[in-house]
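Take a look at the structure below.
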Amino acid sequence: MVGHALKVAPPALRLPWHRVLAAGGRIAFPKGSRAYLEQRRRLRAEGVSVVSGRVVKSAAFDLDALLWKPK
């Protein structure tokens, strides 16, 4: 459902699609694909540890700091 919502949402919303992960905290795109590399890049830019295509579970998240705020 989330994937469909992101697909049909207007681009003007600028939703943080890169924060949506598959089961087990993994990137759902095929490894090495353009989308996979971009999602990994964006997550790492936010300070999220990604190892072998999975978000490291021991990473502590400040959820308030990750809240999307329109510009």
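The values are calculated or read from the model by the stated rules, or taken from the named source; none is laboratory data. Since the model is a prediction, treat every value here as computed from it, not as a measurement. As a convention, Cβ positions derive from the backbone with ideal geometry for all residues, glycine included, and neighbour counts pool all protein chains shown.
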Next item on the list: Scan the range 17-30 and report the pairs whose first residue is under 17 Å from HIS4 (Cβ atoms) and whose second residue is polar (S, T, N, Q) and in a strand (DSSP E or B), with Cβ atoms within less than 7 Å and a gap of 6+ or a chain change.
Entry: none
Check: So which residues in the range 1-56 are assigned to a helix (DSSP H, G or I) and charged (D, E, K, R)?
Finding: LYS7, ARG19, ARG34, GLU38, ARG40, ARG41, ARG42, ARG44
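For every residue, the table says whether it meets (1) at pLDDT 95 or above; (2) surrounded by 14 or more Cβ atoms within 10 Å (Cβ to Cβ).
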site	(1), (2)
HIS4	no, no
ALA9	no, no
TRP17	no, yes
LEU21	no, yes
GLY25	no, yes
SER33	yes, no
ARG40	yes, yes
